[in-house]
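One structure is given here, and the rest of the page talks about it.
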Ligand SMILES: [Zn+2]
């Protein structure tokens, strides 16, 4: 039997903090539902993403330039996979929710990275 994975909308609707796994619920009736349970969790999540992003960005860019062909691109992808596997393992060990939760929340916003940059 094939495992049914949740859609973006289904996963994004989970009112779970992507950092601590606790409830991320509205504190008042107005405004959008919060992504994180607290400012501390938002900050911790963002800071870890800065560090993790720094570790993989050069390899991702090198891989993408040659669309995965050639020695550098292939080794870069292998390195990215190895690094990201260790990040996901660290999330599991720390009891953090899977990274697909936060990714789904970003994707469900309907605003892509390029659009978010323009808003600043
Ligand atoms: Zn939290």
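Every read-out reported here was derived from the displayed coordinates using simple, explicitly stated rules and does not represent laboratory data. Model, not experiment: these values are computed from the prediction. Heads up, the Cβs are rebuilt from the backbone with ideal geometry, glycines too, and the neighbour counts pull from every protein chain shown.
Descriptive notes on the structure:
- Residue among 44, 73, 62 that is touching a residue at least 12 places away in the same chain (Cβ under 8 Å), surrounded by 11 or more Cβ atoms within 10 Å (Cβ to Cβ) and more than 28 Å from residue 16 (Cβ to Cβ): 62
- Looking only at residues in the range 7-36 that are in a loop (DSSP other than H, G, I, E, B), crowded, with 19+ Cβ neighbours inside 10 Å and touching a residue at least 40 places away in the same chain (Cβ under 8 Å), the one that is farthest from the chain's Cα centre (by Cα) is 20.
- Residues (under 16 Å from the mean Cα position of the chain (by Cα) and within 10 Å of the ligand (Cβ to nearest atom)) located in the range 37-46: 41, 42, 44, 45
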